[in-house]
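Single-structure report; data block below.
Derivation of every value follows stated rules applied to the coordinates shown; laboratory data play no part. As the structure is a computational prediction, the values presented were derived from the model and not from experiment. Cβ atoms come from the backbone with ideal geometry, glycine included; neighbour counts cover every protein chain shown.
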There are 2 protein chains.
Amino acid sequence: METLIKEPRTRNAKNTFNSIIESAIDLFYRRGYHGTTVKDITKEAGVAAGTFYLYFPSKLDLYKHILIMLSHEIRRTIAAKVNEKKSRYDKEREGIKAFILLVKEQPYMYNIIWESLYIDRELFKDYYESFASRYVKGLNQSASEGEIRDLDTEIVSYILMGITNFIGLKVALDLGSSNDDINHIVDVVMDLIKHGLFTKK
Amino acid sequence: METLIKEPRTRNAKNTFNSIIESAIDLFYRRGYHGTTVKDITKEAGVAAGTFYLYFPSKLDLYKHILIMLSHEIRRTIAAKVNEKKSRYDKEREGIKAFILLVKEQPYMYNIIWESLYIDRELFKDYYESFASRYVKGLNQSASEGEIRDLDTEIVSYILMGITNFIGLKVALDLGSSNDDINHIVDVVMDLIKHGLFTKK
């Protein structure tokens, strides 16, 4: 996943650039990628139609740029919390909590990231494979230090991403009940990850 | 989530009805819901354009019908395996395995179910809330029998759906490596669900 988009340098150009991105995020969330035209985006951003192409070769390039932005934002937000902690247990706890709070604040993230499955399946695959491979490095490190059990860490990374994503989805879309008490939710997740589900071992 | 679609009774009508559905599934998977027109569907199905409306009031109604079909197929396939087993552990194991095998065989399922998020967000919410509420019933039963620990079963249901969905996604889209040995994958999942991730408890 590569981008050729260069962020502009002057303040005016930056403002225009950012306002195109913000309008696109808003429209992609409300109407979907396919339901949004470049004209819709420039209209919402309050810029001339031709201005769009000064910054982005196409709607797809803009979408890819936004996907990379969101992916970096998620990684940065999680890393900031995870890096404060030493143990894998605390890292997982803080990482999951940071992700839930992020998507609660910005529920459009799910829509825009998962929509890649309908825009270009390879983008979706790249997104999760790249996330998983970073996760695996951390898990391998913890396994080598004996903090986590000796399991297939690639599979474990998808298990943990699945938990985080579906719990995040529950909170972001308010599925079911009791989505306000984030600490309670994180407690249950960590309790299950720590002790497992069953009474007999 | 309700459907008003009536399945036709005569053999000819049934064939036409099913061939419209099969063509739609194929096209929705390859081009997405928004990239597919009713005309594309009837052309692919080899039926006259007007025929579509004998069975479905609109493309959205057809989509909803397919979503319900897939949801029933997933539940039926999982239930057939789960009901053979007595313990919650065996039920989880067989349920997860059945789901993985199903989406490996029919990877279009993900695309079509998750696309509901871009067609009508309420469909997506209904889909997972309804799945979760059935899951919770089973978990509550196992908790009352003392087989699983006393945790918030609604949250547990999303944790388990998250695991199953992301492991299924890994296999269906062939993310990362070693997606051929389904038994190994299920072993790792069950090992983690049973014993937790960490060495120290």
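Let's see if you can work this out: charge +1 on each Lys and Arg Cβ, -1 on each Asp and Glu Cβ, no other charges. What is the dipole magnitude of the protein assembly as shown about its Cα centre, in debye to the nearest 20? Could the numbers behind the result be given before it?
Details: 58 positive and 56 negative charges, 30 e Å.
I would put it at about 140 debye.
Against the longest alpha carbon principal axis of chain A, how many degrees, from 0 to 90 and to the nearest 10, is the axis of helix A:59-82 turned?
Compared with the principal axis, the helix lies near 30 degrees.
Please tell me which of these pairs span more than 29 angstrom C-alpha to C-alpha: B:LYS14/B:LYS97; A:LYS81/A:LYS125; B:LYS6/B:LYS170? Display every interim value, and only then the final one.
Working: B:LYS14/B:LYS97 32 Å; A:LYS81/A:LYS125 26 Å; B:LYS6/B:LYS170 36 Å.
Beyond 29 Å: B:LYS14/B:LYS97; B:LYS6/B:LYS170.
How many partner chain Cβ atoms sit within 10 Å of a residue's Cβ in peptide B:182-195, on average, as a whole number?
On the way: counts 0, 0, 2, 5, 1, 3, 8, 7, 3, 6, 12, 6, 5, 7.
Mean number of neighbouring Cβ atoms from other chains: 5.
Just add up the charged neighbours of A:GLU154: K/R +1, D/E -1, any other residue whose Cβ is under 15 Å from the Cβ of A:GLU154. Could you put the intermediate results ahead of the total?
Numbers: positive: A:LYS125, A:ARG134, A:LYS137, A:ARG149, B:LYS170; negative: A:GLU129, A:ASP150, A:ASP152, B:ASP174, B:ASP180, B:ASP181, B:ASP187, B:ASP191.
Counting the neighbours of A:GLU154, the net charge comes to -3.
If I take every Cα pair under 8 Å that is 6 or more residues apart in chain A, average their sequence separation and divide by the length, what percent do I get for the relative contact order?
On the way: 147 pairs, mean separation 37.1, N = 201.
Normalised by residue count, the contact order of chain A is 18 percent.
Divide by every residue of chain A the summed helix terms, -39500 (n - 2.57) for each DSSP H run of at least 4, and state the resulting mean residue ellipticity at 222 nm, rounded to the nearest 500 deg cm²/dmol.
It lands at -23000 deg cm²/dmol.
Count the net charge of all other residues whose Cβ sits under 13 Å from the Cβ of A:SER87, scoring Lys and Arg as +1 and Asp and Glu as -1.
Numbers: positive: A:LYS85, A:LYS86, A:ARG88, A:LYS91, A:ARG93, A:LYS194, B:LYS200; negative: A:GLU84, A:ASP90, A:GLU92, A:GLU94, A:GLU145, A:GLU147.
Neighbour charge sum, excluding A:SER87 itself: +1.
Find the centroid of the Cα atoms in region B:63-136 and in region A:23-73, then give the distance between the two in whole Å.
If you average the Cα positions of each part, the centres end up 34 Å apart.
So, counting K/R as plus one and D/E as minus one, what does the shell of residues with Cβ under 14 Å around A:PHE131 add up to?
Its environment carries a net charge of +2.
To make sure I understand, if each residue's beta carbon is the centre and we count other beta carbons within 10 Å, what order do B:SER130, B:SER71 fall in, fewest to most?
On the way: B:SER130 13, B:SER71 17.
Ascending number of Cβ neighbours within 10 Å: B:SER130, B:SER71.
At what distance in nm do the modelled label points of B:ARG31 and A:ASP26 sit from each other, each positioned 7 Å from its Cα along Cα→Cβ?
3.2
Could you pull out every one of the lysines with an alpha carbon less than 16 Å from that of B:LYS39, ignoring same-chain neighbours closer than 8 positions?
Once the sequence-local lysines are set aside, what remains near B:LYS39 is B:LYS59.
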